[in-house]
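Chemist: Here's a structure for you.
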Amino acid sequence: MNGTDHCVIDHSKMTTEKRVIKVGSRKSQLALIQTNNVINQLNKIHKHVKFEVVTMSTTGDNILDRALSKIGEKNLFTRELEEALLDGRVDFVVHSLKDLPTVLPSGLAIGAICKRDDPRDAVVFHPKHCKLQSLEQLPDGSTLGTSSLRRGAQLRRLHPKLNLKDVRGNLNTRLRKLTESDDYDALILAVAGLERMDWHDKISLPLDPSEFMYAVGQGAMAVECRSNDDKILSFLTEIHDYDTILPCVAERAFLKTLEGGCSVPVSVYAKLIKGNFEDKLTLKGGVYSIDGSRCVVETKSVDINMDDMPQNKSPKYDGPPMYSAVVAKHVSQQALQAAENLGTALAKHVIAEGAGKILAEAKQQLATEIIKDNEKRMKDAAEKNGVKSVSEETRNSVAV
Ligand code: DPM
C-alpha cells in the first residue's frame, strides 16, 4: 500500500461549521490542479464546508516505462483511489473523465461531470519547429511522441510519412522529454490538460475534431463518489453540467458497448445543439486498427425533448439510476436514456460495419505485445541483476 499524504486546505474563510469532506487525488500537478478546481467551484456554493485533500499514487503513476495500453489493466489511474472511496477514507475523487473506465466498481458512480473544457488534441512542436503551422510542414520521417493508440492510428492515417514513438510520464515529464532531447519533433497532447497547467503558449496547433477525433470524455473533469451517498450526490449537483453530461453519457455508452477500455483505438466527436423546444445530440465515433490502415467512422443523432422532467423512477436495483455510470438526478432521465441509447446504437452500427473485428484484432495484437514485453523484461532483468530483479519485477506488475 502506498503512503498517503494529508493536507488540510481551508478554502473558506468561515470555519464555524465542522463539516469536513475528504477528497482523494493523484499526486501529479495536473491532478492536484483539477482537484482544487473542483473544490473551488464547490466552495463558491457551499461556503462553510472544509475540504481535506488525501493524495495517493496509482498504478499508472508508478509504471512509467510502458505505454498505458501495454500495461494490460483498465483502471490504472483509478483503482487505489476507488479502494479509498469504498472503504470510506475519502468522500469523493476528482478524475479526468477520460481516465475513468466505462464500468465502475460496484457501489461507485460518477456524481458530477463539470462543464467540459476544450476537448481537442493539440500538437506541441519541439522549440526548433516553433515556426511551423501544420504537421504537413514537418520533414518526412519526423517523430511524434504519443502512447495513445487512438492518436497513433489517426496520425498514421493522416500523416503516413511521420514516425511515432511512445512517450510516458505526467505532462511535466513529457514536455521535458520534448524540449531537453532530440527524440521527438512534436508531441500530441490534450488541450485541456495543457490549459489547466497554464501552458497555453505551448499549444502549437489544436487539431480540428472533425478530422482528428478526441477520446471518450476528453476535456471533462468528473467526480466519482459512492453511489448510495445521497448527501455527496446532492452536494455535487450544482457543478454537474447538463450540456456536458449528455454528450459524455453518449460517448461512454459508445465505448462501453464496444467493450473498449481507456486504451483502445476508439475516438469520438460529440455535439449538443440547443434548440427552443428540443436539443439535438450528435455523436460521431471511430474505431481503428492499430496501424491505422482500417477504420469505421459513423455518425448518429437524436432529438432530446426538453419537456421531459426529471423522474425518480425506481430501477431494478437499490441505488439511483445510472447511465454509463453517471448519476444525474437533476436531469431528465429520458434525456439521459436517449443519450445512452444514442451511444449504444452508434456502437452497434459500427460493429455491423466491421468495427467488432477491427477491435478484436487490436486487442489480440495488444495482448500478444504485452506478453512479449513482459517476457523480455523478465529476461532482461534476470540477465542484468539476477534473481532479485526478477522478484522486484513480479512485485511491480502484481502489487503496485
Ligand atoms: C487516456 C489516454 C491518455 C490519457 C488515451 C487517449 C493519453 C495517453 C498518451 C485514456 N488518458 O487519449 O487516447 O497520449 O500517451 C490523460 C491526459 C488528460 C487526461 C493527458 C493527455 C488531460 C486532459 C483531459 C492521459 N488523461 O491526453 O494529453 O482531462 O481530458
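The values are calculated or read from the model by the stated rules, or taken from the named source; none is laboratory data. Because the structure is predicted, anything quoted here is derived from the model rather than measured. Ideal geometry is used to build each Cβ from the backbone, glycine not excepted, and the neighbour counts take in all protein chains shown.
Chemist: Of all residues in region 180-232 being under 23 Å from Arg156 (Cα atoms) and β-branched (Val, Ile, Thr), which is farthest from the chain's Cα centre (by Cα)?
Modeler: Ile203
Chemist: Moving on. Give region 167-198 a look and list any residue that's within 11 Å of the ligand (Cβ to nearest atom), modelled with pLDDT of 95 or more, out of contact with any Gly (no Cβ under 8 Å at 6 or more places or on another chain) and outside any helix (DSSP H, G or I), or say none.
Modeler: The answer is Leu189, Met197.
Chemist: Condition (residue is more than 26 Å from Ile239 (Cα to Cα) and modelled with pLDDT under 85) applied to region 303-316: is it met by at least one residue?
Modeler: Yes, that holds for at least one residue.
Chemist: Now, a different point. Could you tell me which residue of region 91-112 is nearest to Val264 (Cα to Cα), considering only residues that are within 11 Å of the ligand (Cβ to nearest atom) and hydrophobic (A, V, I, L, M, F, W, C)?
Modeler: Leu100
Chemist: Quick check on region 95-140: of everything there that is in contact with a Gly (Cβ under 7 Å, 6 or more places away or on another chain) and basic (Lys, Arg), which residue is nearest to Val326 (Cα to Cα)?
Modeler: Lys98
Chemist: Right, another one. Can you report the number of residues in region 200-211 which are surrounded by 16 or more Cβ atoms within 10 Å (Cβ to Cβ) and either near the ligand (Cβ under 9 Å from one of its atoms) or within 15 Å of Val124 (Cα to Cα) (or both)?
Modeler: Counting residues in region 200-211 that are surrounded by 16 or more Cβ atoms within 10 Å (Cβ to Cβ) and either near the ligand (Cβ under 9 Å from one of its atoms) or within 15 Å of Val124 (Cα to Cα) (or both) gives 5.
Chemist: What number of residues within region 114-166 satisfy the criterion of being away from the ligand (no atom under 11 Å from the Cβ) and either assigned to a loop (DSSP other than H, G, I, E, B) or closer than 30 Å to Val331 by Cβ (or both)?
Modeler: Qualifying residue count, region 114-166: 16.
Chemist: I'd like the residue in region 225-251 that is of a type in the set (D, E, K, R) and assigned to a helix (DSSP H, G or I) and, out of all such residues, is nearest to Gly356 (Cα to Cα).
Modeler: Glu251
Chemist: List, please: which pairs have Cβ atoms under 9 Å, are six or more places apart or on different chains, and start with a residue in region 157-181 that is in contact (Cβ under 8 Å) with a residue 12 or more places away in the chain and end with one that is in a strand (DSSP E or B) and of a type in the set (Val, Ile, Thr)?
Modeler: Matching pairs, first to second residue: Leu162/Thr143; Asn163/Thr143; Leu164/Thr143; Lys165/Thr143; Arg174/Val124; Leu175/Val124; Leu178/Val124.
Chemist: If you scan region 252-293, which residues turn out to be buried (at least 18 other Cβ atoms within 10 Å of the Cβ) and either in a loop (DSSP other than H, G, I, E, B) or on the phi > 0 side of the Ramachandran plot (or both)?
Modeler: Result: Leu258, Gly260, Gly261, Cys262, Ser263, Val264, Pro265, Ser289, Ile290, Gly292.
Chemist: I'm checking my understanding of the structure. Among residues of region 1-29 that are within 16 Å of the ligand (Cβ to nearest atom) and buried (at least 18 other Cβ atoms within 10 Å of the Cβ), which one is modelled with the lowest pLDDT?
Modeler: Ser28
Chemist: Let me ask something additional. Looking only at region 95-147, count every residue that is touching a helix residue (DSSP H, G or I) at 6+ places or on another chain (Cβ under 7 Å) and basic (Lys, Arg) and tell me the total.
Modeler: Qualifying residue count for the region: 3.
Chemist: Here is a follow-up. Restricting attention to region 338-356, which residues are touching a helix residue (DSSP H, G or I) at 6+ places or on another chain (Cβ under 9 Å) and not hydrophobic (A, V, I, L, M, F, W, C)?
Modeler: Glu340, Asn341, Gly343, Thr344, Lys348, His349, Gly356 - these are the residues of region 338-356 that are touching a helix residue (DSSP H, G or I) at 6+ places or on another chain (Cβ under 9 Å) and not hydrophobic (A, V, I, L, M, F, W, C).
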